[in-house]
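**Student:** A single structure is presented below for examination.
The values are calculated or read from the model by the stated rules, or taken from the named source; none is laboratory data. What you see is a predicted model, and the numbers here were worked out from it, not measured in a lab. All Cβ positions, even for glycine, are placed from backbone atoms using ideal geometry, and neighbour counts span all protein chains on display. What goes into the accessible areas is simple: the full protein's heavy atoms, side chains included, and nothing from ligands, DNA or RNA. Shrake-Rupley method; radii C 1.70, N 1.55, O 1.52, S 1.80 Å.
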Amino acid sequence: MEQLELLLIGSRRLEGSELKERMLRAATGLAALGVSAGDSVAILMRNDLPQLEATLAAQHLGAYPVQINWHGSNDELAY
């Protein structure tokens, strides 16, 4: 992950070091679930900070984050 100084999401400000710490914590959780390089990780979340953290965490492990539209119907999500 490249060095990020500051992230602004709406009125929220997050230092780059805090984002990196949160991403590493999420990566540890994904790894504990068995996610490793080459895996695909489905991410069904609103477009917000946790979604970014999950995406970066999957990429950090060498996995492929797959964004799923959280507005999808049950049939669309099942597909």
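**Student:** Report the full-extension gain for the segment Leu8 to Lys20: residue separation times 0.36 nm, less the Cα-Cα distance, to one decimal in nm. Numbers along the way, then the final one.
**Tutor:** Values: separation 12, 0.36 × 12 = 4.32 nm, distance 1.44 nm.
2.9 nm is the gain from fully extending Leu8 to Lys20.
**Student:** In angstroms, what radius of gyration and Dmax does the chain have, counting Cα atoms only?
**Tutor:** 13.6, 41
**Student:** Which GluC sites (Glu not before Pro) in segment 1-72 sit in a loop by DSSP (not H, G, I, E or B) and have at most 16 other Cβ atoms within 10 Å of their own Cβ? Before the final figure, lay out the partial values.
**Tutor:** On the way: sites: Glu2, Glu5, Glu15, Glu18, Glu21, Glu53; in loops: Glu2, Glu5.
Sites meeting the loop and neighbour criteria: Glu2, Glu5.
**Student:** Among Arg13, Arg46, Arg22, which one moves the most in a GNM of the chain with springs linking Cα atoms closer than 10 Å?
**Tutor:** It is Arg13.
**Student:** To continue, here is another question. Quick one: go through segment 11-33 and flag any residue whose amide nitrogen is under 17 Å from the point 7 Å out along the Cα-to-Cβ line of Met45.
**Tutor:** 12-33
**Student:** Taking only protein heavy atoms and a 1.4 Å probe, what accessible area per residue, in Å², does the chain have with all protein chains in place?
**Tutor:** Values: 5750 Å² over 79 residues.
Computed with neighbouring chains in place, this is 73 Å² per residue.
**Student:** Using a 1.4 Å probe on the protein chains only, how many percent of the accessible area of the chain belongs to carbon and sulfur?
**Tutor:** 51
**Student:** Output the relative contact order of the chain, whole-number percent, from Cα pairs under 8 angstrom with separation of 6+ residues. If you can, show how the numbers build up before the last one.
**Tutor:** Values: 88 pairs, mean separation 21.8, N = 79.
Once normalised by length, the contact order is 28 percent.
**Student:** If each Cα of segment 32-71 is one equal point scatterer, what is log10 of I(q)/I(0) from the Debye formula at q = 0.16, 0.18, 0.35 Å⁻¹?
**Tutor:** Evaluating at q = 0.16, 0.18, 0.35 Å⁻¹ gives log10 I(q)/I(0) of -0.35, -0.44, -1.19.
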